[in-house]
1. Could we say that B:Ile174 is surrounded by fewer than 24 Cβ atoms within 10 Å (Cβ to Cβ), β-branched (Val, Ile, Thr) and within 14 Å of another protein chain (Cβ to nearest Cβ) here?
2. Going through A:Tyr176, A:Tyr168, A:Tyr190 one at a time, which residue ends up being more than 16 Å from A:Tyr322 (Cβ to Cβ) and more than 11 Å from chain B (Cβ to nearest Cβ)?
3. What number of residues in segment B:144-154 are modelled with pLDDT of 90 or more, buried (at least 24 other Cβ atoms within 10 Å of the Cβ) and within 14 Å of chain A (Cβ to nearest Cβ)?
4. Counting only residues that are in a helix (DSSP H, G or I), surrounded by fewer than 23 Cβ atoms within 10 Å (Cβ to Cβ) and aliphatic (A, V, I, L, M), how many does segment A:213-250 have?
5. Yes or no: B:Phe125 surrounded by 24 or more Cβ atoms within 10 Å (Cβ to Cβ), touching a helix residue (DSSP H, G or I) at 6+ places or on another chain (Cβ under 7 Å), touching a residue at least 12 places away in the same chain (Cβ under 8 Å) and in a helix (DSSP H, G or I)?
6. If I ask for residues that are surrounded by 13 or more Cβ atoms within 10 Å (Cβ to Cβ), part of a loop (DSSP other than H, G, I, E, B), aliphatic (A, V, I, L, M) and more than 24 Å from the chain's Cα centre (by Cα), which ones from segment A:71-117 would you list?
7. Could you please let me know if B:Tyr14 is within 12 Å of chain A (Cβ to nearest Cβ) and either outside any strand (DSSP E or B) or modelled with pLDDT under 80 (or both)?
8. Suppose the filter is over 25 Å from A:Asn124 (Cα atoms), away from chain B (no Cβ under 14 Å) and polar (S, T, N, Q); does A:Ser230 pass it?
Amino acid sequence: MDTIRTYFRMVMEKKVIKGNCQPSLRFFNHREKCFQDSIWEELEMGMWQQYNIDGFMVNETIGNDHPELWESVFPYIIPIIPGYQWNVNKSQLELNLYHPRKLDFVSINTFLKTSEMFFDKYRNKKIGVHLSGGLDSTLIICLLKHFNIPFVLGGLEVKRFEMRTERYIQQKIREYGETSFLIGLEETPYFSGLECVPKHQVPDEHIRGNEADRALADAFQREGVEVVFSGQGGDSLLMENEKDCFAQYNIGFEFQLPWSQDHFYGPRGIELVSFYADERVVDQISNLRLGQNEDPAKLWARHFFRDFLPKELSDFCYVGDYFGLTLDGLERAKPTIKLLLEEAYDLTHHKYFSSRQVERTLKANVYTFEIKEYLEFCSRISIAVWLHSLFRDNCI
Amino acid sequence: MTTTPYIVFNGKTYFFKKKLGILFCKNSVLLTNKDVCHTEAYKYVENPYLLKHQIIVNTDKEPVFLIRLYAHVLVFLCKYAYTLIWGIRYFTIPIYNSAGEANVIFYKLFPEEQQRMLCLPRAIFTATMSKQFKKHGTLFIGAFLPLNRLHAWVIENGMHADAFDRQWIQYAPILEWSWRKKS
């Protein structure tokens with residue numbers, strides 16, 4: 001009885017502090033039969049206690065391609081994340097896919113013209129570009145250079161052995177920018193600063209790069225940058241394909257970075273834009289690649305754009321593996337994760353956060369994790385981080 | 001010449017016991033007078049962009065029975081009698097023009113889904129069957145830390161022998177073997 005009283009006292013004392021609006025999120029309210037931009041009021045009134053944790057974990061295993069199978073996570077609110085839409089007639093969530101248009105004629109010149117039209121929208125702004133050292137962002141940088149558009153370069157540098165090819169390209173390409181900066185990822189490792197993830201309305205998997213996102217956005221802000229181009233989506237556009245027809249793309253989910261925009265760039269007055277999310281760019285590349293197979297090494301792009309790319313990227317297809325880095329960050333964050341999971345148990349008394357589960361999880365050797373175990377672990381962390389963020393002040 | 005450079009990573013020292021095929025780890029940074037020396041080919045691992053462009057060698061040669069047997073013996077030894085591998089590497093049968101060609105032959109011998117687990121027998125097969133390996137080749141074994149995964153590959157004449165291998169760059173060398181003496 002005392003335990004129950006203590007539990008309710010704790011829950012009653014816990015007061016949700018409202019956070020900022022997340023412009024990329026929308027919600028459908030079943031009760032009111034309307035869309036709304038925020039659920040902070042409902043969370044303040046205690047709706048977080050009714051969050052369907054089991055349903056969330058099931059949805060994570062179902063994956064992103066079948067939202068119609070997802071379980072509800074709130075009693076009468078449906079979160080609509082970017083890349084998805086609510087079908088009012090069928091009363092279900094659906095993928096919001098983009099179908100590329102068939103174009104009469106495509107060539108390198110039509111692609112360049114499309115790119116130039118894209119960049120023209122931002123000519124009167126100070127431009128920054130993510131410098132990852134990979135093909136996708138380097139192509140954007142080389143196109144900007146081709147059009148003589150000035151820009152600032154900024155990226156994360158990883159000093160690990162498996163990232164040496166990315167480092168090499170970063171060092172080579174950074175000269176293209178008016179100015180450039182590289183932030184060591186060792187200073188802002190993955191899963192660091194979980195206790196300070198910005199307040200958010202639903203659990204989100206993007207908490208992993210919290211500190212790195214913040215550091216990059218801060219650095220771009222110091223440079224006075226107003227718009228940052230990212231290479232997000234390049235993997236999907238340049239690798240995937242259906243041989244005899246166009247692939248369809250979930251631009252909102254795969255090509256954009258709404259979490260980073262809502263929490264880090266937007267509050268700093270910076271617009272984060274994905275070049276590959278532009279529908280005309282998608283049309284061009286889809287038409288150029290029509291009839292090709294899947295291309296995991298992006299060989300087509302390396303050849304097609306060879307006159308613009310550095311020789312290293314057109315002649316070689318090296319890609320560093322971030323998994324080791326990710327698991328390292330996870331291992332280092334275990335003390336914080338322990339506290340967050342314990343707090344989640346205090347709040348929810350859910351079996352996923354019981355002391356036995358927590359102990360078992362933290363004793364696990366993350367370096368032997370297969371992808372399924374890693375994803376399951378991350379799902380639990382994302383719930384705990386979300387709960388923690390509800391009750392504290394925002395950290396921007 | 002065989003070198004077994006150690007790797008310092010996250011405050012620990014990793015080194016490879018070649019006769020056991022095991023990666024060891026000491027919870028400290030090794031203080032030793034042992035110089036970390038590398039083969040000449042190490043520069044290609046340090047900067048993969050120095051390598052020549054990989055090509056898939058076209059060969060219509062089909063492996064004869066003895067070649068098949070040799071490949072299967074290598075797979076067996078790597079799995080069940082690893083220590084013997086270090087003797088067999090001197091057992092050269094240089095019948096293919098290059099490591100690239102020998103590599104393609106090995107890919108014909110085993111299904112694609114198995115190849116990922118056969119990197120070491122494939123590398124030894126390639127090294128012992130290439131006419132050029134003695135003068136121009138180096139076999140590497142590398143570790144992907146902190147996952148403790150191992151991988152093996154061959155670089156010959158400034159070219160990676162396996163055009164299908166895209167994961168080798170994740171691995172830091174912990175063993176380098178070539179016929180050439182240290183320069």
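The values are calculated or read from the model by the stated rules, or taken from the named source; none is laboratory data. For clarity, every value in this text was computed on a predicted model and none was experimentally measured. Using ideal geometry, Cβ is built from the backbone for each residue, glycine included, and neighbour counts are taken over all protein chains shown.
1. Numbers: surrounded by fewer than 24 Cβ atoms within 10 Å (Cβ to Cβ): yes; β-branched (Val, Ile, Thr): yes; within 14 Å of another protein chain (Cβ to nearest Cβ): yes.
Here the answer is yes, as B:Ile174 does meet what is asked.
2. On the way: A:Tyr168 fails: more than 11 Å from chain B (Cβ to nearest Cβ); A:Tyr190 fails: more than 16 Å from A:Tyr322 (Cβ to Cβ).
Sole residue among the options that is more than 16 Å from A:Tyr322 (Cβ to Cβ) and more than 11 Å from chain B (Cβ to nearest Cβ): A:Tyr176.
3. Residues in segment B:144-154 being modelled with pLDDT of 90 or more, buried (at least 24 other Cβ atoms within 10 Å of the Cβ) and within 14 Å of chain A (Cβ to nearest Cβ): 1 in total.
4. We begin by selecting, within segment A:213-250, every residue in a helix (DSSP H, G or I); these are A:213-222, A:234-239.
Next, from what is left, pick out any that are surrounded by fewer than 23 Cβ atoms within 10 Å (Cβ to Cβ): A:214-215, A:218-219, A:221-222, A:235-236, A:239.
Next, only the ones that are aliphatic (A, V, I, L, M) stay: A:215, A:219, A:239.
Number satisfying all stated conditions: 3.
5. The answer is yes for B:Phe125.
6. A:Leu103, A:Val106
7. Values: within 12 Å of chain A (Cβ to nearest Cβ): yes; either outside any strand (DSSP E or B) or modelled with pLDDT under 80 (or both): no.
No: the conditions fail for B:Tyr14.
8. Considered against the rule, which asks whether it is over 25 Å from A:Asn124 (Cα atoms), away from chain B (no Cβ under 14 Å) and polar (S, T, N, Q), A:Ser230 comes out as no.
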